[in-house]
Every structure is written in structure tokens, then in C-alpha cells.
1. How much accessible surface area, in Å² rounded to 10, belongs to the heavy atoms of Glu255 with a 1.4 Å probe?
2. Quick one: how many Å² of Asp207 are accessible to a 1.4 Å probe, rounded to 10?
3. Count the DSSP beta bridges whose two residues both fall in the chain, then state the antiparallel fraction as a percent rounded to the nearest 5.
4. Using only C-alpha atoms and all pairs of different ones, pull out the Kirkwood radius for the chain in Å with one decimal.
5. Test of understanding: what is the full-extension gain from Asp314 to Asp216, defined as 0.36 nm times their sequence separation minus their Cα-Cα distance?
6. Quickly rank 187-195, 277-285 as a protection proxy: mean count of other C-beta atoms within 10 Å, highest first.
7. For the range 162-202, what % of the accessible area comes from carbon and sulfur atoms, probe 1.4 Å?
8. In Å², and per residue, what accessible area does the chain have when probed at 1.4 Å with the other protein chains present?
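The values are calculated or read from the model by the stated rules, or taken from the named source; none is laboratory data. Not measured: the values here are computed from a predicted model. Positions of Cβ are generated from backbone atoms using ideal geometry, with glycine treated the same way; all protein chains shown enter the neighbour counts. In case anyone asks, the SASA skips ligands and DNA or RNA and just uses the protein heavy atoms, side chains included. Shrake-Rupley method; radii C 1.70, N 1.55, O 1.52, S 1.80 Å.
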Amino acid sequence: MFEFRGGMKRAAVRRRRAALLVVVALGFLLVPVSARAEGASCREVYFPVTLVALPQTMHGTLCVPDGGANTVQVLIPGGTYNSSYWDIGYQPEIRSYRLAMNNAGYATLALDRLGTGRSSTPPSAVLTTITEAAVVHQVIQAVRSGAQGPQFGKVILAGHSFGSGTASIEAATFHDVDAVLVTGLAHRLNLAGTTAVFAATYPAMLDPRFATGGYDVGYLTTVPDSRYSIFHAPGPKVAGAIAFDEATKDTSAYEQAADLFPIGIIAPYSLLIDKPVMVVLGQDTVFCGLLATNCASASGIRSSELPYYAAGVDLTTYALQGYGHAINYAPNAPEYFRAVIAWADRAVGR
């Protein structure tokens with residue numbers, strides 16, 4: 001009798017595994033995961049996408065407040081970051097953008113860019129800001145249609161750094177989102193800060209973490225223990241936060257960097273955005289400084305950035321004091337989260 005029951009259990013397990021494979025074959029997978037936000041549920045979502053005729057899979061974590069939400073924020077991380085940037089595990093009550101937005105009533109979809117996290121890894125040569133924007137467009141269409149779960153009526157597209165460039169091009173090209181949040185990106189560069197970032201990178205295949213991941217020579221990552229100086233300074237060096245950043249670092253592609261630097265490729269697109277835009281910068285060594293962007297205040301950022309947007313565009317700006325490029329890690333990040341929530345409530349609504 002024991003063997004009979006054990007056989008039944010094994011058969012049930014095989015049936016469940018087979019059912020799971022069928023779901024994957026149908027093109028999507030929703031897997032519940034634990035949510036740190038009380039009153040919100042999170043699940044893994046895999047989107048089948050096409051990158052210049054190459055079938056790929058983009059992974060994201062979809063979190064929806066209890067009772068649902070009409071507006072979702074689609075979140076694109078920057079270079080050498082993945083979706084964990086939007087849901088920082090060290091002191092998440094302070095540093096998790098995802099948690100703050102869910103608690104405010106917004107759904108969030110934090111994406112792993114192609115070549116990062118649990119998304120597929122295409123040849124680096126086909127990864128550019130423009131091709132990534134086309135892939136994000138496919139994700140937004142799925143989000144709006146409800147093909148991957150809940151159907152959302154409104155979409156705020158948010159990015160950080162390279163992800164902000166992708167968001168800007170997507171919004172300008174496809175006009176399928178209701179607002180755009182640009183963080184960690186401006187149109188004027190601090191050349192010294194930019195040079196320091198590139199000096200702290202090397203081919204991902206040389207890094208022990210990525211050596212066996214199938215990355216070609218066009219993928220890069222940051223040199224170990226360099227992230228504080230290039231992404232967090234002049235902010236306080238909080239050991240737990242920097243350790244989390246180093247532990248979750250990811251890759252980018254040289255082609256993407258060529259797109260983003262110089263920023264000139266973004267300018268023709270940002271002029272075509274016809275929805276409300278919010279730009280948030282810290283005291284960023286890549287974009288702020290003499291002859292670069294004036295990041296001392298919201299008005300300074302607005303004065304620097306306004307020429308790169310269409311006349312009459314609804315442009316909101318915010319300056320986060322005391323921190324560098326990776327502003328979600330700032331101890332005072334809740335100040336900027338509150339500013340984003342107020343802007344989103346006004347510009348789009350929940």
C-alpha cells in the first residue's frame with residue numbers, strides 16, 4: 001500500500017511537471033513568488049519577444065496591490081543592473097522603489113533587460129537602445145492586452161540610466177504609454193565621470209560570475225568592488241547597500257554604451273515624446289557638473305533639460321540631494337519616491 005501511494009505521488013509530480021512544460025510552450029509563465037509588500041502580490045512573468053527576427057524571452061516581476069490597479073509602472077534598469085535595482089533587498093522599506101509604488105496603489109513590472117537576470121542572452125551585436133525599445137514595446141502591448149495576466153488601462157514607463165534612454169525612445173517611437181519617468185539620465189555629460197565609468201568595466205566573460213554564462217566578447221560588466229565610486233559617490237558608503245549592489249551586478253553590451261554615449265542619439269527622440277515626463281537626478285558624476293547638467297536643484301535640472309523636449313511638454317524635475325547615479329540606493333530615496341508618486345497621481349492617476 002505504501003509503494004502504491006508513493007507511485008501515485010510520483011505520478012502526480014510528473015503530471016504537474018508536464019503541465020508546467022505545456023504552459024511554457026504556450027509562450028508565457030506566471031510563477032507566484034513571495035512579496036515583501038504587505039497588501040501586494042508578486043509573480044514572475046516571461047514575455048516571448050522578437051529582437052531583430054531572433055526569438056527571445058524577457059523576464060519580469062509583476063507586483064499588483066491587493067484589490068488590483070488600473071495603472072502599471074514598467075521599470076527598465078540601467079547598464080550592468082537588472083530588475084533587482086527596483087526592489088533592493090537591503091533595507092527595502094527605504095530603498096525598494098517597487099515596494100513604495102505598490103504601497104501607493106500602483107502595480108509594477110520590473111524587467112530584466114535582454115542579456116541580464118532571467119531574460120535570454122542574445123548576441124551582443126544586436127542589442128542597442130533602439131532594438132531594446134522595440135522589445136519593451138512588445139512587453140507593453142502584452143501588458144495592455146492582459147495577455148500575461150491582469151489587463152492595465154494605463155502605463156507609466158520608467159527607466160534608470162540606459163533604461164531611461166530605452167524608455168525615451170520607446171515612448172517617442174510608439175506613443176503607447178501615458179507618462180515617462182527618466183532617472184539617472186540627462187542630455188549633457190560630465191566627461192570625467194563618464195570616463196571613470198568606462199575605466200571600471202571589462203568584458204563580462206572575464207568576470208568569475210559570468211564566465212560560464214555564454215556571454216560573448218561584446219558584453220561588459222563592472223570590475224569587482226568598483227560600484228561605489230562610479231555609481232554611489234558622493235553618497236554615504238553604507239556597507240550593506242554596496243554589498244547588495246556588488247552581489248546583484250549584471251551585464252550590459254558595448255553596443256548599448258555606444259548608443260548612449262554620446263547622449264545625442266536620445267535628443268531627437270526626447271523631442272518627440274508627447275506625454276508627461278519627469279526627470280530625476282542625484283548629484284550624478286556622469287551627468288552633473290560644470291558645462292554638464294545643473295543638478296543642484298529641480299529648477300536647475302529643468303533649465304538644463306527643457307531644450308531637449310518639445311515645446312509645451314509637461315516636464316517635471318526633481319533633484320535628490322547627497323547621492324550619486326544609483327539613486328534608488330540613497331538613504332533619502334523615500335523623498336524622491338514621494339515626489340514620483342505625487343507626479344504620477346497628477347499626470348496619470350492610479
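1. 80
2. 10
3. Antiparallel bridges: around 50 percent, rounded to the nearest 5.
4. By the Kirkwood definition, the hydrodynamic radius is 20.5 Å.
5. Stretched fully, the Asp314-Asp216 segment lengthens by 31.1 nm.
6. So the order, starting with the most tightly packed, is 277-285, 187-195.
7. Percent of accessible area from carbon and sulfur atoms in the range 162-202: 65.
8. Per-residue accessible area for the chain comes out at 40 Å².
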